[in-house]
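Report on the following structure.
Bear in mind these aren't lab numbers, they're just calculated from the coordinates by the rules spelled out. The structure presented is a predicted model; accordingly, all values stated were derived computationally and were not measured. Cβ placement follows ideal geometry from the backbone for every residue including glycine, while neighbour counts extend to all protein chains displayed.
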Amino acid sequence: MFEDILEKMQSSEHSAAVDLLFGNLGGWSLDREVIEFILQKKFNKILMLGSGPGSIVLAKAGVEVWAIEENPQYILEGVPKNHHYIYCPLKNYKHNEHQEYKWYHVSQLKLPKYYDLIVVDGPAYSENRFGFYQHFNLFKKDVDIIMDDINRTVEYKTLLLIGKRLGREFTVKNLYQRKQFGYMAYEKQHSI
């Protein structure tokens, strides 16, 4: 199924293939263009911070998805078998004496051992996304990273800091109006 959809996405039947998968994602979901980008890159296993219609669409397209979700109301029944929820409530953390943020409760966060892409689209509310940088030691470093909503200051600065830590640059992908996402590729080092 995935190969057929990908083939149609690259042909003149593009919009029909996209509609077949997507339907109406809703305003809080990962944008259609982000999902198309992920599918075209052919990732095998994705770790998503945040869940929603976008993570389900990716699973329907044949990608294995592990989605961290802080709200039990959004853990849905009847999702594809290759869509896995990781329930993890939020906890208050201090960035410094003047700034707090909420992020996944680290002691309760159970991550898969293997994934080749991290998509940051959670937890809810922009200021909480900085927690990804603060707790970056929990995640694999040899993976590609997508940060949604980098048109917002917190997301942009978070991806910039991760890039500095990893010694990597990222590409800004423009969507509609001023909406953007950032893509940071991992380049494997080849030994001679």
At T153 and H95, where each label point lies 7 Å from the Cα along Cα→Cβ, what is the point-to-point distance in nanometres?
-> 0.9
Contour minus Cα-Cα span, F37 to A185, at 0.36 nm per residue, comes to 52.0 nm
Provide Rg and Dmax in Å for the range 25-184, with only Cα atoms included in the calculation.
-> 14.7, 45
